[in-house]
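Beneath this line is the structure, given in structure tokens, with notes to follow.
Since every read-out is calculated from the coordinates, none of them should be taken as a lab result. Predicted, not measured: the structure shown is a model, and the values here were computed from it. Here the Cβ positions follow ideal geometry from the backbone for every residue, glycine too, while neighbour counts run over all protein chains shown.
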Amino acid sequence: MTQAGFGPDLAEVFGPAHQAHEAGGAPDLVQLLTPEGERVEHPDFSFGDGLSRDELAEQVRGFFRDMTLTRRIDVEATALQRHGELGIWAQLLGQEAAQIGAGRALRPQDYVFPTYREHGVAYCRGVDPLLLLGLFRGVDQGGWDPRANNFGLYTIVIGAQTLHATGYAMGMQRDGVVGTGDPDRDAAVVAHFGDGASSQGDVNEAFIFAASYNAPVVFFCQNNQWAISEPIERQTRIPLYQRALGFGFPGIRVDGNDVLATYAVTQAALQRARDGQGPTFVEAYTYRMGAHTTTDDPTRYRLSDDVERWKLKDPIARVEVYLKRNGLADQAFFDSVAAEADDLGHRLREGCKAMADPQPMSMFDHVFAEETEELRVQREGFASYLESFEGARA
Amino acid sequence: MSENTKQKVTLAKALNMGLRRAMEDDPKVLLMGEDVGKLGGVFRITDGLQKDFGEDRVIDSPLAESGIVGTAIGMALRGYKPVVEIQFDGFVYPAYDQIVCQVAKMCYRSQGKTPLPMVIRIPFGGGIGAVEHHSESPEAQFAHTPGLKVVACSNPIDGYWMIQQAIAAPDPVIFLEPKRQYHADKAELDDSATPDPLFTSRVVRRGADCTVLAYGPTVKTALKAAEAAAGEGKSLEVIDLRTLSPLDMTPVLESVRRTGRAVVTHEAHVNLGLGAELSARITEECFYSLEAPVLRVGGFDTPYPASRIEEDYLPDLDRVLDAVDRSLDF
Ligand SMILES: Cc1ncc(C[n+]2csc(CCOP(=O)(O)OP(=O)(O)O)c2C)c(N)n1
């Protein structure tokens, strides 16, 4: 669609929005570990500088363990949905590296505003994975305390949380916890969202606010190429990370299936924010291996060829190859992670099935911090209605 | 395109057929929304339409509700008839400003020079075991806005006709589809029949003791309640409102004058809901015929709860019967 007289085709200038990066390291994609498990260097981002070989090995083993456990949470929850224990589940299969890299780059004082698929980030924040299931089972609307781990509740309305994140970051500025130079004090916020979300007004408004106030927020977009059935091309004509420039802050595209790179890039972006240098947009370029959710049928709109190609970029497999090939982990390590995953799976299965339904009357709780008389009357009316069944329903 | 065929269809299929027929009849009709193309919408209501009418008429839009409705306004100003799909009730709010400030006021603002014939389809209501924002009943918010017409279908036959009538209507119509019924029951559709006009209510069951008013998903509940009440010797009249703004009070008032009693049921919160308006109007018009106050059975004034207790939140047959009994005992 080149418009005569109005300059070149955007795709010619920026490249197509959907760049496959078949052989890894395209110039605009930060990558530190190839799909084949080879370490590569990048001029702007590095991993493991100043670490001894043992420390480095330990950190990478940690990533492997985190991603493996995260995948198990996902697989187990998907199975639980199939068995009718969950109403729905938003799968993250294939997005483990994006989430663990981002999650591990956080400090305790940072704050996360997730969407509904950040199971790996939640795990990094120390949220019990069992709690994540409550929302999808329908026993609550997010069972964890957002203040306990600085990890907000899941947000279902697309993009809404990016504004909350920005406002929270503005609060941090006012509290003087930005740019003090004290690593235990300086803090930043991460807002997670998807490629589809980038079309929402809220997200664009969040960019404006963040830029305008130089807010310490990292916009972490997992571009998994799809918003349900709609491909990335339906949301943007230029690579997403280049949008940031138009709002006045840097955008970086990172290989979202490379945990070393997502860690390095997020850490740098967070540090920038904590130092008072403002927002960064991180586009983690990845792929949704599974369905959008357990109710979706991707065979209606996407090619199985694509899935097969992306399988070769599996984020966990490449770390495993790297560890093995470089003698950074022995079989006992892999066995222990597998055993830990089995235990976790077992605990999730049992825990989920044992999760009791809430009491009907609980629906009246917490509508307000200070209950109204009106609602109290309604609550009592419903209680006596239930009692009229002589315990049959209550 | 009346081929005078009869077939048994679900509400989902009926809406699909209705949209298809409207698109065949009028080349200006376009569909817009998230996932409406290849996927056929998350509920498959637009299944196969992009294949047959092309991407220019069945438009997969970016993930932006304000954008969808806002651009549909522009299309309508250009002479197209956009039929917009909002994926779930709870996601209409990002478009709320465009709907209540722009869609609703364009005709008025332009002194009738740019009326805005467009349809905003919203799958609404609960009972499908979903997470939050997927089970809401926002009808009162739109019915409270002058300039919008709001209708709700309850069954496949109405779904088929009402969607076509809404598209043909010269004003913007918020078209509510009870998502719980999409695949629930089939009905025999005769596409050569003559439908009732769009903005009319209809008595769907005759009765003498109490009038039950319902729309969308609660029509089925009300009919079940009437069935159960009949077993106990009580005769309930059930009215499917079908149109929420404007309200068609004629059959309602006629009925209440006969029965002397009215119970309104909807899934939306009771406080300031449609039931409140109906109650006020019935009281104003039928005061001397009433044997009991108009009673309301609806969702409680809490956010829609977690799905494992949604059945307690939703008005069910027992709560409707309980209200009927209270009315009869008055
Ligand atoms: C405002 C709003 N509109 C529509 C939806 C329905 N919906 C849920 S997820 C989704 C696609 C999201 O895609 P993306 O932002 O790319 O994130 P992903 O799920 O792929 O991680 C849609 C349309 C919603 N949740 N919120």
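Peptide B:32-39 has a mean of 5 when you count, residue by residue, the C-beta atoms of other protein chains within 10 Å of its C-beta. Specify the inter-centroid distance of the range A:210-269 and the range A:124-191, based on alpha-carbon positions, in whole Å. The distance from the Cα centre of the range A:210-269 to that of the range A:124-191 comes to 19 Å. Mean per-residue shielding of peptide A:230-242 is 2, counting Cβ atoms of other chains within 10 Å of each Cβ. The packing ranking, built from the mean of other Cβ atoms within 10 Å per residue, places the peptides A:213-220, B:314-321 in the order A:213-220, B:314-321, highest first. Placing a label point 7 Å from the Cα of A:GLU374 along the Cα-to-Cβ direction, no residue of the range B:118-134 has its backbone N under 18 Å from that point.
Taking the average, over residues, of other Cβ atoms within 10 Å as the packing measure, peptides A:250-256, A:40-46 rank A:250-256, A:40-46 from highest down.
Spatially, the range A:343-392 and the range B:149-207 are offset by 36 Å when compared through their Cα centroids. Determine the shape class of the range B:34-104: with a ≥ b ≥ c the square roots of the Cα gyration tensor eigenvalues, call it rounded for a/c under 1.5, and otherwise prolate if a/b is greater than b/c, oblate otherwise. Oblate. Against the main long axis of the alpha-carbon atoms of chain B, helix B:317-328 sits at an angle near 50°. Counting only other residues whose beta carbon sits under 13 Å from that of B:PRO117, what net charge do I get with K and R as +1, D and E as -1? After counting each charged neighbour, the total is +2. Label point of A:ARG107 set 7 angstrom out along Cα-Cβ; within the range A:175-198, amide nitrogens under 13 Å from it belong to A:177-189. As a rough guide to protection, the peptides A:131-139, A:345-353 ranked by mean Cβ packing within 10 Å, highest first, stand as A:131-139, A:345-353.
Each label point was placed 7 Å from the Cα along the Cα-to-Cβ direction; for B:HIS183 and A:LEU312 their separation is 3.7 nm. Taking each residue as 0.36 nm, the span from B:ASP190 to B:ARG78 lengthens on full extension beyond its C-alpha to C-alpha distance by 36.9 nm. Counting only other chain Cβ atoms within 10 Å of each residue's Cβ, the peptide B:61-69 averages 6.
When the Cα positions of B:PRO251, B:CYS210, B:GLY231 are compared along the charge dipole of the range B:198-329, B:PRO251 comes out farthest toward the positive end, with charges on each C-beta of Lys, Arg, Asp and Glu. As a proxy for reagent exposure, B:LEU15, A:LEU323 were ordered by neighbouring Cβ count within 10 angstrom, fewest first; the result is A:LEU323, B:LEU15. Taking a ≥ b ≥ c as the square roots of the eigenvalues of the alpha-carbon gyration tensor, the range A:322-394 is classed oblate because a/c is 1.5 or more while a/b is no larger than b/c. In plain terms, the chain from B:ASP52 to B:PHE287 could stretch by 79.2 nm, reckoned as 0.36 nm per residue minus the Cα-Cα distance. Membrane-span-like helices in chain A (whole DSSP H runs, Cα extent of at least 30 Å along the helix axis, mean Kyte-Doolittle hydropathy of at least -1.0): A:53-82, A:331-354. Ellipticity at 222 nm from helices only: DSSP H runs of n ≥ 4 in the protein assembly as shown, each -39500 (n - 2.57), divided by the residue count, give -11500 deg cm²/dmol.
Springs between Cα atoms under 10 Å define the GNM used for chain A, and in it the highest mean-square fluctuation of A:GLU118, A:GLU370, A:GLU76 occurs at A:GLU370.
With the simple model of a label 7 Å out from the Cα in the direction of the Cβ, B:ALA168 to A:ALA79 spans 5.6 nm.
Dipole magnitude for the protein assembly as shown: computed about the Cα centre from +1 point charges on Lys and Arg Cβ and -1 point charges on Asp and Glu Cβ, it is near 1240 debye.
Once you sort the root eigenvalues of the Cα gyration tensor of the range B:216-330 as a ≥ b ≥ c, which label holds: rounded (a/c under 1.5), prolate (a/b larger than b/c) or oblate (the other case)? Oblate, since a/c reaches 1.5 and b/c is not below a/b. If I fit a long axis through the Cα atoms of helix B:274-286 and take the longest principal axis of the Cα atoms of chain B, what angle between them do I get, 0 to 90°, rounded to 10? Helix B:274-286 sits roughly 50 degrees off the main axis of chain B.
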